[in-house]
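Every read-out reported here was derived from the displayed coordinates using simple, explicitly stated rules and does not represent laboratory data. Worth saying up front: this structure is predicted, and the values here are computed from it rather than measured. Counting neighbours? That spans all protein chains shown, and the Cβs are built from the backbone with ideal geometry, glycine included.
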Amino acid sequence: MVESVNNTPILLVNGRIIDPANGIDQNGSLLLENGRVSRLFFGKKLSAPRGTRKFDVGGKWVIPGLIDMHVHLREPGEEYKETIASGTRAAAAGGFTAVACMPNTKPFNDSWAVTAQILSKARNCSAKVYPVGAISKFGRGETLAEYGEMKEAGVVAISDDGCPVENSQLMRRALEYSSHFKLLVISHSEEKTLSHLGVMNEGYQSTRLGLRGIPRVAEEIMIYRDLSLAEYTGQPIHIAHVSTRESVSLIRRAKERGCKITAETAPHYFTLTDEAVDSYDTMAKMNPPLRSPDDIAAIKEGLADGTLDVIATDHAPHSTLDKDLEFDLAANGIIGLETAVPLALNLVREGTIDATRFVELLSSNPARLLGVEGGTLRVGGPADVVVIDPDKDFVYTEDQVVSKSKNSPFLDWHMRGKAVLTIKDGEITYSDS
Amino acid sequence: MDSEYRFIHKHILSLEDLSVADIELILQTADSLKEISTRSIKKVPTLRGKTVISLFFEPSTRTRLSFEIAAKRMSADTFNISVALSSTTKGESLIDTAKNLAAMKPDVIIFRHSCSGSPRLLSKHIKASVINAGDGTHEHPSQGLLDLMTVREKKGDINGLRVAIIGDIAHSRVAHSNIIGFSKMGAEVVVCGPKTLLPAAVERLGAKVAATVEDAVSGADVVMTLRIQHERQKDPLLPSLREYANYFGITPKIMKKAKPDAIIMHPGPINRGVELDPELADGKQSVIIDQVTNGVAVRMALLYLIMGGD
């Protein structure tokens, strides 16, 4: 839904401008011209150029466009679930101006050619697309993919997301070799011999439902390995979708002793527990699985104290063909781009984080970790901006889902707060009207 | 029975779903229907004109035959669909199978499947009643009910009994239904098995975990052993069946710890000499064959009640 306005200047008047990178959190106005942030005004009467589109955003937040560093766009290969076009439309509707897409497409994004194909499809889409390349060829965990060529083609990080790197030697070599190309290694940390055949969190609920459990240690052991390798090699590593208390604790202690480890979690890991699986609801099936209230508490502490750096959605579109099945056979994952803002705003409302931290977690930090533009409203930077109405009430119904797939456990939830205007490079990509 | 009470269940998916009053009614109904199987003409017209389909995605001899006999003794028309002949081998989804079966207007589907929760999925897509005949490692409600019936028959009352369940608790849907059923009816349920075969948080289902088989069996009124299902195990769970038999098998020596009038149960099929000493399986404490007889009565009661009998 790119509403082309041919670089018409846009003026956002009297919003709460929050830009942690520049220490700003005050009411003001923002002028966007020629795809760039051109001026910030605080309390001054301003004169905008002729033909400027003016939006009164009183009572709303004006913040850097959100950046989701963990999505699955399914193209190439599984366009029946999502395309780059539909996924970026969902991103814009959720307030995101950029997404980093994981390599588990068909074919796997383990070469410059696939990267180039993704980027050519991403042109003129509703959000910037930053491909994440594979750690290993075919995601098989055996040999290194060609990081140099992929970097040149446009990847911003590497990961074998969905196919965890089991071979520790390969992970070590990936950390070492990627350093030459300044590519962040993102680890889906999972010890597969422990999670083997599991379909939900191991605990009372898995026993009650007779479903095979995934013990929390499957995640924690691999995070411990990954941070040990990061420390040993002196290279940074980023841990994807953290879901347990002990994972948060391991990362916190590693950071305290100076390990270059960063980490993300997803909104469902601080919103839902394994009780959501209750009647074999496949919308509650994901990997890592939904855990316990105690894990939720730890993840919130981690988001508040800086242990966790990023909220990413792990947007994982699946059609009814993959989800309307026996629980054991259903695919892992849920869509998340359109529900991240209200779910993360719950953390602000309950006092877990403040608005500044919200912007860091969803915009500034992912920009910094991936080394991409955005994440700030500095004058001269790209006009990637989102206006959030923190009090807008809505019910998230299937009809409004923008993503091509509707696999969300949050359907029919009463939500509060959403993106009402998303602007990418000075063009409106989403407007809630 | 409370005059307010009505049996409201359309499907029998788990014992978790059933109240104490539901279970009481099922057991009373089964007690009264049991007599039909002792007649020379073993048939009543109660379910004449009703269509009962058995849809089994896992092998079964006993359960399937038991349901079929139950349905036939009540004059229902019965049909069997086995995995090999089913359209799922052509790649049809369970929901499509359900829709196609529904189009032929059956009244009851007896359903067994290796995926836990699949009877619930089926029930959402079909008008017929669904009876779970065993789903994955979740539940096997008719087995749980026939076990309750057998214990009640032998002991009079379930409330206050001590029931020891020994063996592979983690992979046994029978154990799962029995833990729920017996604790719901007021028994003390104690489980024991190698730690590799105990599911997470089993205490919250209502069972106590005993440290040793001797502890579990001590003072028990009922000792239930479970089949070691080596076909389902892809984990390193046990070193050998021989070692299992040595440390967890029920032997005459261990049975001395139980009450003198304790009964021995097994859902079958038995691995003789592994989980249960052959002498005990055929001994006077064994009620294993009574369990099978009662299975028919319980299944008659379930068919009768879900089709609105009163």
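Can you tell me which residue among A:Arg39, A:Arg53 is surrounded by fewer than 19 Cβ atoms within 10 Å (Cβ to Cβ) and free of Cβ contacts under 8 Å to residues at least 60 places away in the same chain?
Values: A:Arg39 fails: free of Cβ contacts under 8 Å to residues at least 60 places away in the same chain.
Checking each option against the conditions leaves just A:Arg53.
Could you please let me know if A:Met200 is more than 14 Å from chain B (Cβ to nearest Cβ), surrounded by 24 or more Cβ atoms within 10 Å (Cβ to Cβ) and farther than 25 Å from A:Thr356 by Cα?
In short, no.
Of the residues A:Arg252, A:Arg291, which single one is of a type in the set (D, E, K, R) and assigned to a helix (DSSP H, G or I)?
Only one candidate passes the filter, namely A:Arg252.
For the stretch A:382-425, give me the residue count where each residue is out of contact with any Lys or Arg (no Cβ under 7 Å at 6 or more places or on another chain), under 21 Å from A:Cys125 (Cβ atoms) and not hydrophobic (A, V, I, L, M, F, W, C).
Adding up the residues that qualify gives 5.
Would you please name the residue that is farthest from A:Val37 (Cα to Cα), looking only at residues in the stretch A:394-433 that are in a strand (DSSP E or B) and hydroxyl-bearing (Ser, Thr, Tyr)?
Our first condition is that a residue be in a strand (DSSP E or B); within the stretch A:394-433, this holds for A:394-396, A:413-424, A:427-431.
So of that shortlist, the ones also hydroxyl-bearing (Ser, Thr, Tyr) come out as A:396, A:422, A:429-431.
Details: A:Tyr396: 32, A:Thr422: 14, A:Thr429: 16, A:Tyr430: 18, A:Ser431: 19 Å.
Taking the candidates together, the pick is A:Tyr396.
Please go through the stretch A:167-209 and give me each residue that is hydrophobic (A, V, I, L, M, F, W, C) and touching a Ser or Thr at 6+ places or on another chain (Cβ under 7 Å), ordered by number.
First, pick out the residues of the stretch A:167-209 that are hydrophobic (A, V, I, L, M, F, W, C): A:170-171, A:174-175, A:181, A:183-186, A:194, A:197, A:199-200, A:209.
A:Leu170, A:Leu175, A:Val185, A:Ile186, A:Met200, A:Leu209, listed by residue number.
Mind checking which residues of the stretch B:116-155 are under 22 Å from B:Tyr304 (Cβ atoms), within 14 Å of another protein chain (Cβ to nearest Cβ), in contact with a His (Cβ under 6 Å, 6 or more places away or on another chain) and not aliphatic (A, V, I, L, M)?
Within the stretch B:116-155, B:Ser123, B:Gly134, B:Glu139 qualify.
Please work out which residue is farthest from the other protein chains (Cβ to nearest Cβ), limiting yourself to the stretch A:203-245 and to residues that are in contact (Cβ under 8 Å) with a residue 60 or more places away in the chain and within 20 Å of A:Arg257 (Cβ to Cβ).
A:Gln235
From the residues in the stretch B:103-115 that are farther than 14 Å from A:Leu329 by Cα and within 14 Å of chain A (Cβ to nearest Cβ), which one is surrounded by the most Cβ atoms within 10 Å (Cβ to Cβ)? So that I can check it myself, show each step before the final result.
Going through the stretch B:103-115, the residues farther than 14 Å from A:Leu329 by Cα turn out to be B:103-112.
Among the residues that remain, those that are also within 14 Å of chain A (Cβ to nearest Cβ) are: B:111-112.
Working: B:Phe111: 27, B:Arg112: 25.
Within the stretch B:103-115, the match that is surrounded by the most Cβ atoms within 10 Å (Cβ to Cβ) is B:Phe111.
Please go through the stretch A:173-195 and give me each residue that is within 14 Å of A:Glu142 (Cα to Cα) and buried (at least 19 other Cβ atoms within 10 Å of the Cβ), ordered by number.
Within the stretch A:173-195, just A:Ala174 meets the criteria.
I want to confirm something. Restricting to the stretch B:196-215 and keeping residues that are assigned to a loop (DSSP other than H, G, I, E, B), surrounded by fewer than 19 Cβ atoms within 10 Å (Cβ to Cβ) and not aliphatic (A, V, I, L, M), which single residue is farthest from the other protein chains (Cβ to nearest Cβ)?
Here the answer is B:Thr212.
Within the set of pairs 6 or more residues apart or between chains, which connect a residue that is within 22 Å of A:Gly417 (Cβ to Cβ) inside the stretch A:84-95 to a residue that is assigned to a helix (DSSP H, G or I) with Cβ atoms less than 9 Å apart?
Matching pairs, first to second residue: A:Thr88/A:Ala122; A:Ala93/A:Gln400; A:Gly94/A:Ala340; A:Gly94/A:Val341; A:Gly95/A:Ala340; A:Gly95/A:Val341; A:Gly95/A:Leu362.
Run down B:His176, B:His171 and say which single residue is within 11 Å of chain A (Cβ to nearest Cβ) and over 26 Å from B:Ala71 (Cα atoms).
B:His171
Need the failing condition index for A:Gly258 against (1) assigned to a helix (DSSP H, G or I); (2) surrounded by fewer than 24 Cβ atoms within 10 Å (Cβ to Cβ), just the number.
(1)
Here's a check for you: in the stretch A:312-330, which residue that is within 30 Å of A:Phe358 (Cβ to Cβ) and part of a loop (DSSP other than H, G, I, E, B) is nearest to the other protein chains (Cβ to nearest Cβ)?
By that ranking, first place goes to A:His318.
To keep it simple, each residue is scored yes or no on (1) more than 22 Å from A:Phe327 (Cα to Cα); (2) small (Gly, Ala, Ser); (3) not in a strand (DSSP E or B).
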{"residue": "A:Ala218", "(1), (2), (3)": "no, yes, yes"}
{"residue": "A:Ile223", "(1), (2), (3)": "yes, no, yes"}
{"residue": "A:Glu231", "(1), (2), (3)": "yes, no, yes"}
{"residue": "A:His238", "(1), (2), (3)": "yes, no, no"}
{"residue": "A:Val242", "(1), (2), (3)": "yes, no, yes"}
{"residue": "A:Val248", "(1), (2), (3)": "yes, no, yes"}
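Search the stretch B:184-194 for residues being away from chain A (no Cβ under 13 Å) and touching a strand residue (DSSP E or B) at 6+ places or on another chain (Cβ under 9 Å), and hand back the single one that is surrounded by the fewest Cβ atoms within 10 Å (Cβ to Cβ).
Start the filter on the stretch B:184-194 by keeping residues that are away from chain A (no Cβ under 13 Å), which leaves B:184-190, B:192-194.
Still in the running and touching a strand residue (DSSP E or B) at 6+ places or on another chain (Cβ under 9 Å): B:187-190, B:192-193.
Values: B:Ala187: 24, B:Glu188: 18, B:Val189: 24, B:Val190: 22, B:Cys192: 23, B:Gly193: 27.
The extreme case among them is B:Glu188.
Checking A:Leu337 against (1) part of a helix (DSSP H, G or I); (2) buried (at least 20 other Cβ atoms within 10 Å of the Cβ), which test does it fail?
Going through the list (1) part of a helix (DSSP H, G or I); (2) buried (at least 20 other Cβ atoms within 10 Å of the Cβ), A:Leu337 breaks only (1).
Among the residues that make up the stretch B:188-196, is at least one of them hydroxyl-bearing (Ser, Thr, Tyr), under 27 Å from B:Ser114 (Cβ atoms) and touching a residue at least 12 places away in the same chain (Cβ under 8 Å)?
Start the filter on the stretch B:188-196 by keeping residues that are hydroxyl-bearing (Ser, Thr, Tyr), which leaves B:196.
Pick out the ones that are also under 27 Å from B:Ser114 (Cβ atoms) and you get B:196.
Adding the requirement that they be touching a residue at least 12 places away in the same chain (Cβ under 8 Å) leaves B:196.
Within the stretch B:188-196, one or more residues are hydroxyl-bearing (Ser, Thr, Tyr), under 27 Å from B:Ser114 (Cβ atoms) and touching a residue at least 12 places away in the same chain (Cβ under 8 Å).
Filtering the stretch B:156-168 down to residues that are over 18 Å from B:Leu15 (Cα atoms) and not hydrophobic (A, V, I, L, M, F, W, C), which residue is farthest from the other protein chains (Cβ to nearest Cβ)? Reasoning before the result, please.
Initially, the stretch B:156-168 is screened for residues over 18 Å from B:Leu15 (Cα atoms), giving B:156-157, B:160-162, B:164, B:166-168.
Within this subset, residues satisfying the condition of being not hydrophobic (A, V, I, L, M, F, W, C) are B:156-157, B:160, B:162, B:167-168.
Working: B:Gly156: 30, B:Asp157: 27, B:Gly160: 25, B:Arg162: 22, B:Gly167: 16, B:Asp168: 13 Å.
Checked the stretch B:156-168; the qualifying residue farthest from the other protein chains (Cβ to nearest Cβ) is B:Gly156.
Could you please find all residues in the stretch A:85-108 being in a helix (DSSP H, G or I) and out of contact with any strand residue (DSSP E or B) (no Cβ under 6 Å at 6 or more places or on another chain)? So that I can check it myself, show each step before the final result.
Within the stretch A:85-108, the first condition is being in a helix (DSSP H, G or I), and the residues that meet it are A:85-93.
Matches in the stretch A:85-108: A:Ala85, A:Ser86, A:Gly87, A:Thr88, A:Arg89, A:Ala90.
Residues being touching a helix residue (DSSP H, G or I) at 6+ places or on another chain (Cβ under 7 Å), hydrophobic (A, V, I, L, M, F, W, C) and part of a strand (DSSP E or B): count how many of those fall in the stretch A:6-27.
1
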